[in-house]
Amino acid sequence: MKTILAAYSGALKGTGSSILSALQDLSVAFWPCRSKMEKHLQVISVLQWVLSFIALGAACTVLLIYMFCTDCWLIAAMYTAWLIMDWNTPKQGGRRSSWVRNWTVWTYFRDYFPVRLIKTHNLLPNRNYIFGYHPHGIFCFGAFCNFGTEATGFSKKFPGIKPSLATLAGNFRMPVLRDYLMSGGICPVNKNSIDYLLSRNGTGNAVVIVVGGAAESLQCAPGVNSVTLKNRKGFVRLALQKGSDLVPVYSFGENDVYKQVIFEEGTYWRYLQKKLQKILGFAPCLFHGCGLFFGDSCGIVPYGKPITTIVGEPITVPKIEDPTDEMVDLYHTMYIKSLQCLFDKYKTRSGLKESDVLYIQ
């Protein structure tokens, strides 16, 4: 307030220099408010995505059932009928929306952490690709921001390439949530969906698979550089069957945005987590971030830690309809070496130490 009064009194003196100085003082006085507002918008943008992923599908399912018991039953019946007719759309490339992918909210989402996308090599639009994304983290913030939106400029950096982030098929059985996910180009991680994108949708398609999956999320914690990959060979076999090039992708900082309680192998809680993982399809992690109003409190808002996603060099893969185990092992080994080199080359540029090592389990 003192700054504003001083600026106003200076303006009353009538000189051009004092008026200019007064305007500068006013801009300085109000700038912190603008900065704080932007920070709030960033938090809201991230929180809406977290809550949508956790609760939107279940909440809309309950609401749809409730509407059948009210005077709005006709609306619920019409939506249900349309849902039945549209049931196979997620398996057939989905319903990508450039408008949704370019929403301003995603720029606030990007700037909260912030998230960066680093291109290392060109990708040819006359080929199809399988991106192996590592690590999973808790919510795959880097994967969603880079491949489910245009906030980091994927289409400008890789012209002619359409990314499709693959996630749990169960999410596409939920009303409203399924449409929200499809609008970002997100698809079910099942054979039918991936087969359509890589075989019957032309070229220039990039299916992004979080290879470690739910099992990997149980190991993520700040400072941990570990990926579940040694026995994950299905994506390599799929690449050979479709003749799609393999592209390793590593996100530095993905594991740093939440703190997780990691239970040791052999304990009851670890057994319970794995049991629920098999039933639900995802791992019920015990984690926390910061609070919504106080940064030093615990809450569901992720910590604002930088996430740097590196898209590596594509590995050219021949098309073999029935690849042998030896052929799968060969390209799997090539992929692991490529991912290891990618990590070692960019770790110091992404805030890690030279002594940090990538553990492949």
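When the trypsin sites (Lys or Arg not before Pro) in segment 147-211 are filtered for DSSP coil states and for at most 13 other beta-carbon atoms within 10 Å of their beta-carbon, the remaining sites are Arg200. Which entries in Lys156/Lys259; Lys119/Lys191; Lys39/Lys259; Lys119/Lys347; Lys36/Lys305 show an alpha-carbon gap greater than 24 Å? Result: Lys156/Lys259; Lys119/Lys191 exceed 24 Å.
Scaled to the globular estimate 2.2 N^0.38 Å, the Cα spread of segment 116-200, given as radius of gyration, is 1.11. Of the trypsin sites (Lys or Arg not before Pro) in segment 284-359, the ones in a loop by DSSP (not H, G, I, E or B) with at most 13 other beta carbons within 10 Å are Lys319, Arg349, Lys353.
Size estimate for segment 148-272 follows the Kirkwood approach: the inverse of mean 1/r over distinct Cα pairs works out to 16.7 Å. Hydrophobic long helices, here whole DSSP H runs in the chain with Kyte-Doolittle means of at least -0.5 and Cα atoms spread over 20 Å or more along the helix axis, are found at 16-51, 325-346. Exposed loop sites here are GluC sites (Glu not before Pro) assigned a DSSP state other than H, G, I, E or B and surrounded by at most 12 other beta carbons within 10 Å; excluding them, the longest clear run of the chain is 1-263. Leaving out ligands, DNA and RNA, and with a 1.4 Å probe, what % of the accessible surface on segment 27-114 is carbon or sulfur? Here carbon and sulfur together make up 71 percent of the probe-accessible area. Between the C-alpha center of segment 314-329 and that of segment 149-193 there is a gap of 26 Å.
How high is the relative contact order of the chain? Use alpha-carbon pairs under 8 Å, at least six apart in sequence, and give a whole percent.
Across the chain, relative contact order equals 19 percent.
Accessible surface area normalised per residue over segment 287-361 is 59 Å², counting heavy atoms of protein chains with a 1.4 Å rolling probe. Residue-normalised convex hull volume from the C-alpha trace of segment 233-361: 168 Å³ per residue.
Kirkwood Rh over alpha-carbon pairs of the chain, then Stokes-Einstein at 4 °C and 1.567 mPa s: what D in µm² s⁻¹, rounded to an integer?
Reported coefficient: 57 µm²/s.
The values are calculated or read from the model by the stated rules, or taken from the named source; none is laboratory data. The shown structure was predicted, so the numbers you read here are calculated from the model rather than taken from an experiment. Cβ sites come from the backbone with ideal geometry, for glycine too, and all protein chains shown count toward neighbours. Each accessible area value is taken on the protein alone, full model and side chains, heavy atoms only, with ligands, DNA and RNA left out. Shrake-Rupley method; radii C 1.70, N 1.55, O 1.52, S 1.80 Å.
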